[in-house]
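The values are calculated or read from the model by the stated rules, or taken from the named source; none is laboratory data. Computed from a predicted model, the values in this text were never measured in an experiment. Counting neighbours? That spans all protein chains shown, and the Cβs are built from the backbone with ideal geometry, glycine included. Side chains included, ligands, DNA and RNA excluded: accessible areas come from the protein's heavy atoms. Shrake-Rupley method; radii C 1.70, N 1.55, O 1.52, S 1.80 Å.
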Amino acid sequence: NVKFGQTQYYSAYMLLKGYNLWPAGYTDYYSQNYAGYNAAQDFSWEGAHHDPDGIPDILNEVKFATDYFIRCTRNSTTFYYQVGDGAADHKLWITTVKKALETTANGGSPRNVYKNPNDASMASFCGATLALMSIEYRKFNNAYADTCLAHALFAYNYAKAHPATAPDANGGSFYGANAKWQDDFACLCTELYYATKEEKYKTEALSFVSNLSNHNYCFGYNNNDDIAAFNLATLGSSEAASLLNNFATMYKTNVDANGLFKGGNATWGPLRYNANAAFIVALNNIIKS
């Protein structure tokens, strides 16, 4: 199916950030290729043909993304941000295997590939994911961790050279441009600091504190001040910590009688907003503790 950069890089980063902060909550039931299930030809949970490989399943899943992200960041001047077209992709609601046999007009092969947007947002979350993966995967495969870090630096250079935001290749008909690029770039700099321990990335990350502000909506792919505030708070910014607390307070007070967050879009995917609000409240608890 179509790969939209606006949401894919952000989503992979959020998944990996959750593991980074709460690793005890993640299990290891499978190998990445599900060898146990394939050998038994029984893919049911009840069959118990699990095949743990010593790597948390979340890292096996995110590695599908980072393998792709490595290919997206060929060098410091090349960045691929979308594969396929939204309108064509949505014409037929069928499996990706069947769709691959369709025409390009119906979302099949060959699909259009888009690169080099005037955008720092997507490259920043792409690079942040790769930098964080280099930290988390080092204990399992040092060479892969090095590759992730090298391509994170490609993403950093690309983002720095394109201080703007861009919509999807369909002109924003599916995903519009991010609200700003500075918050996402601050996240990338933060992860590069933790991955390299080079002070220049910490200094650069903290230089964007003044660019953060209250968005009064809900944390999501195009409103990233929350996660940037958390990252900068971990680097010692009291201003960022205060902003993060403001977000958490807003989410906790804007709830219904059942404690469910009432903000965001109530008609399309409303559960994501409850999940995102809860995530930010949890991040705030880390800083407050």
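Is it true that some residue in the range 81-88 is open to solvent by less than 60 Å² (accessible area, probe 1.4 Å) and part of a loop (DSSP other than H, G, I, E, B)?
Among the residues of the range 81-88, at least one is open to solvent by less than 60 Å² (accessible area, probe 1.4 Å) and part of a loop (DSSP other than H, G, I, E, B), which makes the answer yes.
Given the conditions (1) in contact with a Leu (Cβ under 9 Å, 6 or more places away or on another chain); (2) open to solvent by less than 30 Å² (accessible area, probe 1.4 Å); (3) under 30 Å from A228 (Cα atoms), report the number of the one that N20 does not fulfil.
(2)
Evaluate the range 224-239: report whether one residue or more is within 19 Å of F279 (Cβ to Cβ) and not in a helix (DSSP H, G or I).
yes
Okay, residues lined up against (1) touching a residue at least 40 places away in the same chain (Cβ under 8 Å); (2) closer than 24 Å to L132 by Cβ; (3) among the β-branched types (V, I, T):
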{"site": "F185", "(1), (2), (3)": "yes, yes, no"}
{"site": "T196", "(1), (2), (3)": "yes, yes, yes"}
{"site": "L206", "(1), (2), (3)": "no, yes, no"}
{"site": "H215", "(1), (2), (3)": "no, yes, no"}
{"site": "T249", "(1), (2), (3)": "no, no, yes"}
{"site": "F261", "(1), (2), (3)": "yes, no, no"}
{"site": "P270", "(1), (2), (3)": "no, no, no"}
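Using beta carbons and a limit of 8 Å, which pairs, at least six apart or on different chains, have the first residue in the range 79-92 and acidic (D, E) and the second one assigned to a helix (DSSP H, G or I) and surrounded by fewer than 23 Cβ atoms within 10 Å (Cβ to Cβ)?
From the range 79-92, the pairs are D89/K99.
Only residues that are in a helix (DSSP H, G or I), under 20 Å from S242 (Cβ atoms), open to solvent by less than 80 Å² (accessible area, probe 1.4 Å) and small (G, A, S): list them for the range 192-211, please.
A205
Of the conditions (1) in a loop (DSSP other than H, G, I, E, B); (2) over 17 Å from the mean Cα position of the chain (by Cα); (3) among the small types (G, A, S), A150 fails just one. Which one is it?
It fails just one condition, (1).
Checking S237 against (1) out of contact with any helix residue (DSSP H, G or I) (no Cβ under 7 Å at 6 or more places or on another chain); (2) over 23 Å from S11 (Cβ atoms); (3) surrounded by 18 or more Cβ atoms within 10 Å (Cβ to Cβ); (4) of a type in the set (G, A, S), only one condition comes out false. Which one?
(1)
For the range 31-77, name all the residues that are closer than 30 Å to Q6 by Cα, outside any helix (DSSP H, G or I) and open to solvent by 50 Å² or more (accessible area, probe 1.4 Å).
Q32, N33, Y34, R74, N75, T77
Would you mind finding the one in Y144, Y114 that is modelled with pLDDT of 95 or more and in a helix (DSSP H, G or I)?
Y144
With the structure loaded, tell me whether Y217 is open to solvent by less than 10 Å² (accessible area, probe 1.4 Å), of a type in the set (S, T, Y) and either in contact with a strand residue (DSSP E or B) (Cβ under 9 Å, 6 or more places away or on another chain) or part of a loop (DSSP other than H, G, I, E, B) (or both) or whether it fails that test.
Considered against the rule, which asks whether it is open to solvent by less than 10 Å² (accessible area, probe 1.4 Å), of a type in the set (S, T, Y) and either in contact with a strand residue (DSSP E or B) (Cβ under 9 Å, 6 or more places away or on another chain) or part of a loop (DSSP other than H, G, I, E, B) (or both), Y217 comes out as no.
Scan the range 124-141 for residues that are among the polar types (S, T, N, Q) and part of a loop (DSSP other than H, G, I, E, B) and jot them down.
If the condition is that a residue be among the polar types (S, T, N, Q) and part of a loop (DSSP other than H, G, I, E, B), then N141 is the only one that fits.
Does G269 qualify as being out of contact with any helix residue (DSSP H, G or I) (no Cβ under 7 Å at 6 or more places or on another chain), at pLDDT below 90 and among the small types (G, A, S)?
yes
Take the residues in the range 240-289 that are aliphatic (A, V, I, L, M) and in a loop (DSSP other than H, G, I, E, B), then tell me which one is surrounded by the fewest Cβ atoms within 10 Å (Cβ to Cβ).
Across the range 240-289, the extreme among qualifying residues is A257.
Is there a residue in the range 176-191 that is more than 17 Å from the chain's Cα centre (by Cα), within 17 Å of F79 (Cβ to Cβ) and open to solvent by 10 Å² or more (accessible area, probe 1.4 Å)?
no
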